[in-house]
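Colleague: Let me begin by handing over the structure; questions about it come next.
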Amino acid sequence: MRMGRLFAAWGRVVGEEIAKHARVCGLYRHVLRVEVDSAAMLQEIAGLRKREILARLADELPGVHIGDLKVTLGRFEPPAE
């Protein structure tokens, strides 16, 4: 799969505000790896919205199997505004 499609779908699925604080790192063995910039965002994505995000990604990316979402806390510069 082309990662550009995945990056674009991620932004549409989670919305602009979450996309500022969470970035896709890759897809490996059907596990989408995402890095976030705060513990609060980790809880938001991994704890509260995981099922919703996986379902919406399935709608956005037919034919791409994403079976799980692994969210880790990291450090990165959010996109310039």
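The values are calculated or read from the model by the stated rules, or taken from the named source; none is laboratory data. For clarity, every value in this text was computed on a predicted model and none was experimentally measured. Cβ atoms come from the backbone with ideal geometry, glycine included; neighbour counts cover every protein chain shown.
Colleague: Examine the stretch 70-77 for a residue that is surrounded by 16 or more Cβ atoms within 10 Å (Cβ to Cβ) and not β-branched (Val, Ile, Thr), and state whether such a residue exists.
Modeller: Among the residues of the stretch 70-77, not one is surrounded by 16 or more Cβ atoms within 10 Å (Cβ to Cβ) and not β-branched (Val, Ile, Thr), which makes the answer no.
Colleague: Can you tell me which residue within the stretch 38-81, out of those that are farther than 16 Å from Val13 by Cα and of a type in the set (Asp, Glu), is modelled with the lowest pLDDT?
Modeller: Glu81
Colleague: Additional query: Check whether at least one residue in the stretch 6-18 is acidic (Asp, Glu) and surrounded by 11 or more Cβ atoms within 10 Å (Cβ to Cβ), and report yes or no.
Modeller: Scanning the stretch 6-18 turns up no residue that is acidic (Asp, Glu) and surrounded by 11 or more Cβ atoms within 10 Å (Cβ to Cβ).
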